[in-house]
Amino acid sequence: MTSIALTSTPAADLAVDALIIGITTGGKKHVEGPPAIPDKARKDIERDLELLGATGKLGEITRMPSRGLVKARMIVGIGLGDVRILDYEKVRRTAGSALRSLAGIKSVAIVITLPDGPRIEAIAEGALLGNYAFHAFRGKSADSQPAPVEKILLTGDPKDKEQVAALERAQIIANAVNYARDLVNTPPSALPPEEIAQEAIAAMKKLPVRVEVWDEAHLEEEEFGGILAVGQGSANPPRLIRLEYAPRGAKRTVALIGKGVTFDSGGLSLKPPKSMETMKCDMSGAAAVIAAMGAIARLKPKVRVVGWIPTVENMPGGHAQRPGDVITIYGGRTVEVLNTDAEGRLILADAIVRASEEKPDLIVDAATLTGAQTIALGDRTSGVMGRSDEFRDKVWESSQRAGEIMWHMPIPEESRGTLDSPIADIKNIGDGKGGMLSAAAFLAEFVPDGLPWAHLDIAGPAFNEGGPHGYTPKGGTGAAVRTFIQVAEDTAEGLLP
Ligand code: BES
Ligand code: ZN
Ligand code: ZN
């Protein structure tokens, strides 16, 4: 586990492997930092960095031996761009790529010119997120992989309450995101529904969160038709998990729901092999709920939060549901299942109805719901939808405060019509156009009138198939974790619903 701490030792005296200093464009280029680095050394460092071609361009990384100019063995100049416009997301990304580029090194110190709370939080969060690696399943290749940095120091004041609190908050949030990434990266055979439930129980140990798990018998008894139908094609039985954080004095309740398909083969509407390669990520919404609940219980906002995770494995076994089957969702609505690969909405429908029974003040769900999300918005931008534009936009604002990339999408009136079934209340696929929107229209059908609800389609952003960038690694990204945490905090503050 990486350690991170504030230090008041002058930057030049820090005995670390690498000293990270910011270089700015926009006016005179200079090494960031108060007189922590003596003038003479600072000028030499500036000259050397310039010689190596450093310009201060955002994201640029320049490494050089320190030649005794400072105690650290190496100096790493990171381009901050024009810092006259302060953008915390840019700060997070820059700190993230800096740490990512230093994997294999043991200790680093980051020089922070103005160590106020928000800056410390952004730098620490970005650094911890960029320092992520997943080696749990490496065998012989484990040794040849550069390990994450073990020790991160930030120049600041360890006695300053604001700075300490900011660092603590960054750690809680980054650890939660990294934990969600671990869950997503774990192979699907190692994390079937029952294991997800065990994982949730283990993660909430010692935290003020109550965990309940519905097994298949219990799900049958209470007629959770969506979860059961999707789960019946697999040898690994489904589960419904409920997590509750209920601090004293809380006036409102947030319900968070996460799609927990531990592997999506498509069922009998089988996916082609290529599309199946990343389908262990289909429980990213569930991972986000578990991780966010842990962080919320540590950050302690004064709001009740109930997390719901319907979790299944979507497989084409002999008992699998068939295209053409009609199933009954919890609460009595019937669905004609024409494509067993549109399974997420079936299990979410059960969860939405069950969560609504408890009359929360708002519901936010996150799901790797449609391939159409990536067609519409690409791999990095999640879609935010809801029945009320106003509430949807407020949740979008929360996502922006949290630093996640999302964009507003509509649920057009006509999309409901494409879901009309000749024999049941609704069918589970539309006309193939605007697939992200018709999936949302399907979910909307199960939300009681007037209940503020927002849906996050994170299909692309949850799993990075390309190269790493900023603080985002390859593989599981931890999408929606920070937005979920922010939604809880914003509700406690009265910004939501
Ligand atoms: N889990 C998939 C969506 C997905 C695709 C997530 C790519 C991550 C990356 C979902 O269950 C699915 O298969 N949706 C279908 C719906 C269609 C059959 C209406 C899709 O998007 O093709
Ligand atoms: Zn599917
Ligand atoms: Zn799916």
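The values are calculated or read from the model by the stated rules, or taken from the named source; none is laboratory data. Everything numeric here is computed off the predicted structure, so don't read it as measured data. Cβ: placed from backbone, ideal geometry, glycine included. Neighbour counts: every protein chain shown. Surface accessibility is based on the protein's heavy atoms, side chains included, excluding ligands, DNA and RNA. Shrake-Rupley method; radii C 1.70, N 1.55, O 1.52, S 1.80 Å.
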With a/c under 1.5 counting as rounded, go ahead and sort region 133-276 into rounded, prolate or oblate using the C-alpha gyration tensor (a ≥ b ≥ c being the square roots of the eigenvalues; past the cut-off, prolate if a/b is larger than b/c, else oblate).
oblate
Quick one: with all protein chains in place, what share of the accessible area of region 178-492 is carbon or sulfur, to the nearest percent (1.4 Å probe)?
50
With each label point set 7 Å from Cα along the Cα-Cβ vector, what nm distance links Gln400 and Glu493?
1.4
Please identify the GluC sites (Glu not before Pro) of region 332-402 that satisfy two criteria: DSSP loop assignment and at most 14 other Cβ atoms within 10 Å. Which are they?
Glu358
Roughly what angle does helix 88-101 make with the longest principal axis of the chain, taking Cα atoms, 0 to 90 degrees, to the nearest 10?
80
Distance (nanometres) between label positions extended 7 Å along Cα→Cβ at Arg73 and Lys140
2.9
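Starting from the eigenvalues of the Cα gyration tensor, five times each then square-rooted, give me the equivalent ellipsoid semi-axes of the chain, largest first, whole Å. Can you show the working numbers first?
Working: eigenvalues 394, 98, 83 Å².
They are 44, 22, 20 Å, listed largest first.
By accessible area of protein heavy atoms, probe 1.4 Å, what ranking do Trp396, Trp214 get, highest first? Provide the component values of the computation, followed by the final result.
Details: Trp396 55, Trp214 10 Å².
Putting Trp396, Trp214 in descending order of accessible area: Trp396, Trp214.
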Tilt, helix 389-402 to longest principal axis of the chain (alpha-carbon atoms), in degrees rounded to tens, equals 30
Just the number, please: carbon plus sulfur as a percent of the accessible area of region 3-155, 1.4 Å probe, no ligands or DNA/RNA counted.
56
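Rounded to the nearest 20 Debye, what is the dipole magnitude of region 178-492 about its Cα centre when Lys and Arg each give +1 and Asp and Glu each give -1 at the C-beta? Before the final figure, lay out the partial values.
On the way: 32 positive and 42 negative charges, 253 e Å.
Rounded to the nearest 20 debye, it is 1220 debye.
Listed here are the pairs Lys205/Lys359; Lys251/Lys302; Lys161/Lys300; which of them are more than 19 Å apart at the Cα? All intermediate terms of the calculation are to be shown ahead of the outcome.
Numbers: Lys205/Lys359 27 Å; Lys251/Lys302 8 Å; Lys161/Lys300 17 Å.
Beyond 19 Å between Cα atoms: Lys205/Lys359.
Per residue, how much accessible area does the chain have with a 1.4 Å probe, in Å²?
Working: 20300 Å² over 497 residues.
For the chain, the per-residue accessible area is 41 Å².
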Want the number for Thr334 to Asp116: 0.36 nm per residue separation, take away the alpha-carbon distance, what's left?
73.0 nm
Work through the residues other than Glu223 whose Cβ is under 11 Å from its Cβ and net out their charges, Lys, Arg +1 and Asp, Glu -1.
-3
Can you give the FRET efficiency for Arg416 and Gln198, using 1/(1 + (r/R0)^6), R0 = 41 Å, r = Cβ-Cβ distance, to the nearest 0.05?
0.60
Hz values of 3J(HN,Hα) by residue in region 47-60 - Karplus curve (6.51, -1.76, 1.60), Gly and Pro given as x
5, 4, 4, 5, 4, 7, x, 5, 10, x, 4, 3, x, 5
Computed helical MRE - 222 nm, the chain, DSSP H runs ≥ 4 contributing -39500 (n - 2.57), nearest 500:
-10500 deg cm²/dmol
If eta is 1.002 mPa s and T is 20 °C, what Stokes-Einstein diffusion coefficient results for region 3-155, Kirkwood Rh from Cα pairs, in µm²/s?
138
Whose amide H sits under 5 Å from the amide H of Ile20, counting only residues 5 or more places off or on another chain, with H placed in the peptide plane?
Val76, Ala109, Ile110, Val111
Pulled fully out, how much extra length does the chain show between Lys251 and Leu51, if you take 0.36 nm times their separation in residues and subtract their Cα-Cα distance?
66.0 nm
For Lys359 and Lys159, compute 0.36 nm times the residue count separating them, minus their Cα-Cα distance, and round to one decimal in nm.
67.6 nm
Can you give the accessible area of Tyr179 in Å² (nearest 10), computed on protein heavy atoms with a 1.4 Å probe?
50
Round to the nearest 10 and give me the degree value, 0 to 90, for the angle of helix 117-130's Cα axis relative to the longest principal axis of the chain.
70
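Could you pull out the trypsin sites (Lys or Arg not before Pro) across region 107-197 that fall in loop regions by DSSP (anything but H, G, I, E, B) with no more than 16 other Cβ atoms inside 10 Å? Working shown, then result.
Working: sites: Arg119, Arg138, Lys140, Lys151, Lys159, Lys161, Arg169, Arg181; in loops: Arg138, Lys159.
In loop regions of region 107-197 (DSSP not H, G, I, E or B), the sparsely surrounded trypsin sites (Lys or Arg not before Pro) are Arg138, Lys159.
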Setting aside same-chain residues fewer than 8 positions from Lys151, which lysines have a Cα under 17 Å from its Cα?
Lys71, Lys106
